[in-house]
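Nothing in this text is a laboratory measurement; each read-out follows from the coordinates by a stated rule. Just so you know, these numbers come straight off a predicted model, no measurement behind them. Glycine also receives a Cβ, built like all others from the backbone with ideal geometry; neighbour counts cover every protein chain displayed.
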């Protein structure tokens, strides 16, 4: 998303992520035509994960400083575009997303989770789909829409068994080690035969291949811990409230202040507006907001 050569000319503040962010949000809204949009951000680490596994996500590289600088502006732009912004310190955005999906789908709303994270397969169901962006390694695949059948086809297990599957194979992106030597094929075979992680652990004396029996016995507690780490919590507070309205004039002023003129021109064309109609006054570039570490979702 970041094009690091894009900067505000007046002070060289980076704007590459902002250009990519507004382009993606506008394209998604145009394509999916949702009744409401909610964007979730991480705000610090996940207290519940770090309490169990201090090494949780520790292998990840630091977020580039140019992205960190733009995060406060990205959140501001997101709100101006009419997207509800949700974040809670110490709570992972994934848990907040899962909570919102449970609340909204439980009230009869259809939900689309926009994320590449395989963890979200556990949320997919009758009223919930996952929309995964094009993979970096093969962008020609385009956006992929997963329903329950799609999750089963991709992973070999249905949505409700995704946490059991991840507990066994681990999740390298989150630095959660699985059971040594167990890959997707073995995990799927065991779950199809024994039904769940607990079923696998209960079959220690007869499970095949035999070489795993002692390992499963010694690692049972850690596997249960893994299950808790990869299973979303859905009991946080989430109030949908009124759907925010897009502030077209506010977005125009923001883009002008950030000197994102090509994006401003496309935005105005989309809304059938001209520079004269928008009445954007020339103004000095604003002082950038003090950045805080975070991740986009």
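The figures follow:
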item: Residues of the range 86-103 with amide N under 14 Å of the 7 Å Cα→Cβ point at residue 51; result: 90-92
item: Separation between Cα centres of the range 39-74 and the range 76-141, rounded to whole Å; result: 17 Å
item: Cα gyration tensor category, rounded, prolate or oblate, for the range 5-107 with a/c compared to 1.5; result: oblate
item: With Cα atoms, 0 to 90° folded angle of helix 261-270 axis to the chain main axis; result: 90 degrees
item: Most to least packed among 246-258, 5-17 [average Cβ atoms within 10 Å]; result: 246-258, 5-17
item: 0 to 90° range, to nearest 10: angle between helix 248-257 axis and the chain longest Cα axis; result: 80 degrees
item: Angle in degrees between helix 65-80 and the longest Cα principal axis of the chain, rounded to the nearest 10; result: 70 degrees
item: Residues 223, 192 arranged by fewest to most Cβ contacts within 10 Å; result: 192, 223
item: Cβ-based exposure ranking for 56, 236, in which fewest neighbours within 10 Å come first; result: 236, 56
item: Fewest-first sequence of 111, 123 by Cβ atoms within 10 Å of each Cβ; result: 111, 123
